[in-house]
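Novice: What follows is a single structure, and I will ask about it in a moment.
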Amino acid sequence: MSRRLVPVDRRILEQNIKARYHAGDIGTQDALHLFDELLQCAGSSSIRAINYLVTTVGRDCPALGVSLFNRVASANVAPNSITYTILVDCCCRAGRLDLGFAAMGHIIKMGFAADAIVTFSHLLNAICAEKKTSYAMDIVLRIMPMFNCVPNIFSYSILFKGLCNEKRSQEALELIQVMVEHGGSCQPNVVSYSTVIDGLLKEGLVGKAYSLFCEMLQRGISPNAVTCSSIISGMCKAQSMDKSEEVLQQMLDRRILPDVTTYNSLIHGYYSSGRCKEVDRIFQEMSRNGVQPNIVTYNIQMDYLCKSGRCAEARKIFDSMIGLGQKPDVTTYSILLHGSAMEKSFHEMHCLIDLMVGNGISPDHHVYNILISAYAKEETVGEVMHIFTKMRQQGLNPNVANYGAAVNLLSKIGRMDDAMSQFNQMITEGLAPDIIVFTPLISGFCSCGKWEKVDELFSEMLDRGICPNTVFFNTIMDRLCKNERVMEAQDLFDLMVHMGVKPDVCTYSTLIGGYLFVGKMDEVSKLLDNMVSIGMEPDVITYNILMHLIYLIYIHLVCYVPWTYLI
DNA sequence: CTAGGGTTAG
């Protein structure tokens, strides 16, 4: 065999890979075999085929993509800029941002700055996903220009989305203004405006969102279905369904076709405000306009039914949906699981999990949390801990919500040492505890009177930049009142007012309940007067507490008092 | 060929 045959075989192999890649005809296993085969005879012409194979493997398993790159590097083939871009994407998706940066360094050293713009987008996405958008901003505004890599509209859009995800939509707004005033070649487009309008609306800044929308129109940029759907969704969340309908009408007037996402926002909005007849109307309008419901539409519908205690009807939709060829997703199962959890049907829950796994869907953090919370309500600590173990076995590290549910249970049953060890474990794993984790912990230490721990945790919470909210104070006051520590609850009420946190009806009801149980009736009437004077209506719970007192007095008089007289 | 909208848990 002459050596000339090797290049011929190699070329056939390379062309074969290219054709199969473009036909979408290579599975991960095939790609691995082809990679072994190609690397044995690879020459400098092989890098394109290698890129196809690494892309294929990396899509499915990013870590494996990185290891293939290492084998390329040790063979006699020089990676090109595209190979490095694939490598950076794999590193990022494998959770190794550090390696992504190292690879980026190579790209820049080799003078691939022109190709680096797409690579930077992968890095920026990964940085923003870790909620480090400030750092991403530094890269776009300072580091990229330093390497003669001019940020494009994609780079900026990633920043806008990152800022909005961190509830920093006002900074995104400022950045848009800077881009416009600066007048550079990279100007905000419909995607930039839509992203920031959406972020502002999600933070409830309706006025600012509206101004930005007007500015966008003035600059001659036309809104599209995405822009309008964001606005409709924002109006639905602000409980202004009439405004949502107005925007829908304006869409139709402007010949912007509403799609399934637009209708899903409206359907969810009407369900949330309890206007089911309007939902029927939207469904009719959808079908008149030729828009088919999708999995999200059915999920919204099933969630409404489950939360209204109509799980059986939700299950009927689930079954009919499968008949229509719609594949349930992980959210579908979460919704049905949550419904079964509300009905305390643990058997049904396990059936659903089996069905889900059987259909090739792995449980995620939401699914596990529904199980954790369900067992937590039953106060079965063993089961809860078992779920944590199962999650880790599946390679899924528990998140803040999962720890929150466990800490809540342990604090409620007074196992404060165990609650603290979960809390510490969570911090060890690099998770940032939020207000919903601190609330049960601090209230647990309050009810057993460990004030030094209360002070310590409260300071830690403030140090982490977490402000106590109304629910925080209500929860702790409730616990104190139930332990006949109404004086401490009163101190907390004063602190709350001092810190500018607004008491709500629940705060007053709790404190009234606390005074009732220790028989301080003068304080009860003082608080009721206080409520009325600030224009707050006592609600059902307030009256329930008052009626409970009347019931206690009745029991005391009718049963207890005569009985003592007899003795 | 890298950017934007709708649903789920503590």
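Novice: Looking at (1) open to solvent by 30 Å² or more (accessible area, probe 1.4 Å); (2) within 22 Å of the chain's Cα centre (by Cα); (3) of a type in the set (S, T, Y), which is the only condition A:S157 fails?
Specialist: (1)
Novice: Of the residues A:I117, A:I108, A:I143, A:I82, only one is at pLDDT below 85 and more than 26 Å from A:A31 (Cα to Cα); which?
Specialist: Going through A:I117, A:I108, A:I143, A:I82 in turn, the sole match is A:I108.
Novice: Any idea how many residues of the stretch A:424-439 are within 13 Å of DNA strand B (Cβ to nearest atom), assigned to a helix (DSSP H, G or I) and either open to solvent by less than 10 Å² (accessible area, probe 1.4 Å) or of a type in the set (S, T, Y) (or both)?
Specialist: 4
Novice: A:H386 is checked against (1) open to solvent by 60 Å² or more (accessible area, probe 1.4 Å); (2) at pLDDT below 95 and fails just one. What number does that condition carry?
Specialist: (2)
Novice: Name the pairs: first residue in the stretch A:99-116 and outside any helix (DSSP H, G or I), second residue open to solvent by 60 Å² or more (accessible area, probe 1.4 Å), Cβ to Cβ under 8 Å, at least 6 apart or on different chains?
Specialist: From residues that are outside any helix (DSSP H, G or I), the pairs are A:A113/A:F147; A:A113/A:N148; A:D115/A:I82.
Novice: Can you tell me which residues in the stretch A:402-423 are open to solvent by 50 Å² or more (accessible area, probe 1.4 Å), within 23 Å of A:D463 (Cβ to Cβ) and within 14 Å of DNA strand B (Cβ to nearest atom)?
Specialist: Once the filter is applied, which keeps residues that are open to solvent by 50 Å² or more (accessible area, probe 1.4 Å), within 23 Å of A:D463 (Cβ to Cβ) and within 14 Å of DNA strand B (Cβ to nearest atom), the stretch A:402-423 yields only A:N408.
Novice: Shifting gears a bit: Out of everything in the stretch A:181-203 that is under 30 Å from the mean Cα position of the chain (by Cα) and either modelled with pLDDT under 95 or among the acidic types (D, E) (or both), what residue ends up being nearest to DNA strand B (Cβ to nearest atom)?
Specialist: Per the stated criteria, the residue is A:D198.
Novice: Here's something else I'd like to know. Within the group A:E460, A:E488, A:E484, A:E456, which residue is open to solvent by 30 Å² or more (accessible area, probe 1.4 Å) and outside any helix (DSSP H, G or I)?
Specialist: Unique residue meeting the criteria: A:E484.
Residues checked against (1) modelled with pLDDT of 95 or more; (2) more than 26 Å from A:G382 (Cβ to Cβ):
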site	(1), (2)
A:L410	yes, no
A:M416	yes, no
A:Q422	yes, no
A:S447	no, no
A:E460	yes, yes
A:T475	no, no
A:R485	no, yes
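Novice: Confirm whether A:G111 is over 25 Å from A:R168 (Cα atoms) and surrounded by fewer than 20 Cβ atoms within 10 Å (Cβ to Cβ).
Specialist: Values: over 25 Å from A:R168 (Cα atoms): yes; surrounded by fewer than 20 Cβ atoms within 10 Å (Cβ to Cβ): yes.
When the stated conditions are applied, A:G111 passes them.
Novice: Report, ordered by the first and then the second residue, all pairs with beta carbons closer than 9 Å, sequence separation of six or more or different chains, a first member in the stretch A:274-300 that is within 15 Å of DNA strand B (Cβ to nearest atom), and a second member that is basic (K, R) and not in a helix (DSSP H, G or I).
Specialist: Filtered contacts from the stretch A:274-300: A:I295/A:K327.
Novice: Determine, yes or no, whether A:D522 is in contact with a Phe, Trp or Tyr (Cβ under 9 Å, 6 or more places away or on another chain), loosely packed, with under 15 Cβ neighbours inside 10 Å and assigned by TED's automatic domain parsing to the domain that holds A:H548. Full working, then the answer.
Specialist: Details: in contact with a Phe, Trp or Tyr (Cβ under 9 Å, 6 or more places away or on another chain): yes; loosely packed, with under 15 Cβ neighbours inside 10 Å: yes; assigned by TED's automatic domain parsing to the domain that holds A:H548: yes.
It is true that A:D522 is in contact with a Phe, Trp or Tyr (Cβ under 9 Å, 6 or more places away or on another chain), loosely packed, with under 15 Cβ neighbours inside 10 Å and assigned by TED's automatic domain parsing to the domain that holds A:H548.
Novice: May I ask you to list the residues in the stretch A:62-73 that are open to solvent by less than 50 Å² (accessible area, probe 1.4 Å) and either among the hydrophobic types (A, V, I, L, M, F, W, C) or not in a helix (DSSP H, G or I) (or both)?
Specialist: Correct list: A:V66, A:L68, A:F69, A:V72.
Novice: Does A:L305 satisfy the condition of being more than 10 Å from DNA strand B (Cβ to nearest atom), over 22 Å from the mean Cα position of the chain (by Cα) and open to solvent by 20 Å² or more (accessible area, probe 1.4 Å)?
Specialist: Here the answer is no, as A:L305 does not meet what is asked.
Novice: Output the number of residues of the stretch A:336-348 satisfying the condition of being over 17 Å from A:R310 (Cβ atoms) and either surrounded by 12 or more Cβ atoms within 10 Å (Cβ to Cβ) or of a type in the set (S, T, Y) (or both).
Specialist: 1
Novice: Kindly provide the set of residues from the stretch A:313-329 that are open to solvent by less than 80 Å² (accessible area, probe 1.4 Å) and either in contact with a helix residue (DSSP H, G or I) (Cβ under 6 Å, 6 or more places away or on another chain) or part of a loop (DSSP other than H, G, I, E, B) (or both), ordered by number.
Specialist: Of everything in the stretch A:313-329, those that are open to solvent by less than 80 Å² (accessible area, probe 1.4 Å) and either in contact with a helix residue (DSSP H, G or I) (Cβ under 6 Å, 6 or more places away or on another chain) or part of a loop (DSSP other than H, G, I, E, B) (or both) turn out to be A:E313, A:A314, A:I317, A:M321, A:G325, A:Q326, A:P328, A:D329.
Novice: Given the conditions (1) at pLDDT 85 or above; (2) not in a helix (DSSP H, G or I), which single one is not true for A:T56?
Specialist: So A:T56 meets the others, but not (2).
The values are calculated or read from the model by the stated rules, or taken from the named source; none is laboratory data. Owing to the predicted nature of the structure, the values given are computational and were not obtained by experimental measurement. No Cβ is skipped: glycine too gets one built from the backbone with ideal geometry, and neighbour counts run over all protein chains shown. Each accessible area value is taken on the protein alone, full model and side chains, heavy atoms only, with ligands, DNA and RNA left out. Shrake-Rupley method; radii C 1.70, N 1.55, O 1.52, S 1.80 Å.
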